[in-house]
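Everything below concerns the one structure shown next.
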Amino acid sequence: PVTASTTYSSVKDLLEDIGKSIQKQAKDAAEERSKEKLQGDVLRATIREGRMIQSGIAELCHLDYQWHTNVTSGKSNPCEGRADVRFSDVIGGQCTNSKIKGNEVKYGKDIGACAPFRRLFLCDHHLSYMNAGKTNTTDNLLLEVCLAAQYEGESIIKNYPQDHNNNEVICTALARSFADIG
């Protein structure tokens with residue numbers, strides 16, 4: 001914790017310590033507000049297959065969109081419709097009015113929010129089919145998000161420029177892509 005008597009070797013170390021303290025306070029406050037309401041267990045997620053309902057069959061890191069989802073009946077790969085251009089120094093974010101709800105057109109130009117480039121290609125296609133009848137527990141919600149995370153991770157590893165292909169950079173790319181989900 002940051003105290004008046006703590007000494008730091010650099011301003012960076014001081015700021016990192018302050019950041020850790022703020023992050024811990026925010027985390028503790030969020031946990032207190034939710035009181036475990038948002039905790040899920042993938043093994044308790046139920047998967048409907050016709051009239052049959054199964055649970056305990058989803059194994060993390062080996063999820064398959066054809067079987068481990070309730071929102072698309074196994075017909076939609078989370079990366080479906082996403083371009084292979086995951087990382088670009090040329091293409092930027094998207095501000096297209098038709099793609100971003102709430103944007104306005106003034107003087108013939110789209111104004112308002114823009115989606116960051118990384119958000120345009122996130123492997124979360126199946127999440128757009130979620131509704132209360134299909135994803136009705138935190139366990140099932142966790143299953144759907146884990147499915148997206150698995151396919152997103154595979155996509156990042158496959159498409160990340162080879163000269164930057166190391167674990168730390170890939171983990172950062174994955175963390176940033178899922179920060180957009182919230």
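General observations
- Some residue of the range 80-93 being more than 27 Å from A173 (Cα to Cα) and at pLDDT 75 or above: no
- Residue count for the range 124-177 satisfying the condition of being in a loop (DSSP other than H, G, I, E, B) and in contact with a strand residue (DSSP E or B) (Cβ under 7 Å, 6 or more places away or on another chain): 0.
- Those residues of the range 1-17 which are touching an Asp or Glu at 6+ places or on another chain (Cβ under 9 Å) and at pLDDT below 85, in sequence order: P1, V2, T6
- Of the residues making up the range 6-47, those that are polar (S, T, N, Q) and closer than 28 Å to H68 by Cβ are S34, Q39, T46.
- Contacts under 6 angstrom Cβ, first residue in the range 60-72 being at negative phi and in a loop (DSSP other than H, G, I, E, B), partner surrounded by fewer than 21 Cβ atoms within 10 Å (Cβ to Cβ) and among the polar types (S, T, N, Q), 6 or more apart: L63/Q150; Y65/N77
- Restricting the range 40-59 to residues that are modelled with pLDDT of 75 or more and in a loop (DSSP other than H, G, I, E, B), the residue that is nearest to H126 (Cα to Cα): A45
- Some residue of the range 107-121 being at pLDDT 65 or above, closer than 23 Å to S76 by Cβ, in contact with a helix residue (DSSP H, G or I) (Cβ under 7 Å, 6 or more places away or on another chain) and not in a loop (DSSP other than H, G, I, E, B): no
- Any chance E152 is among the charged types (D, E, K, R) and at pLDDT 80 or above: yes
- From the list K20, K27, K37, the lone residue that is of a type in the set (K, R), surrounded by 11 or more Cβ atoms within 10 Å (Cβ to Cβ) and at pLDDT 70 or above is K20.
The values are calculated or read from the model by the stated rules, or taken from the named source; none is laboratory data. Model, not experiment: these values are computed from the prediction. So basically every Cβ, Gly included, is an ideal-geometry build from the backbone, and we count neighbours across all protein chains shown.
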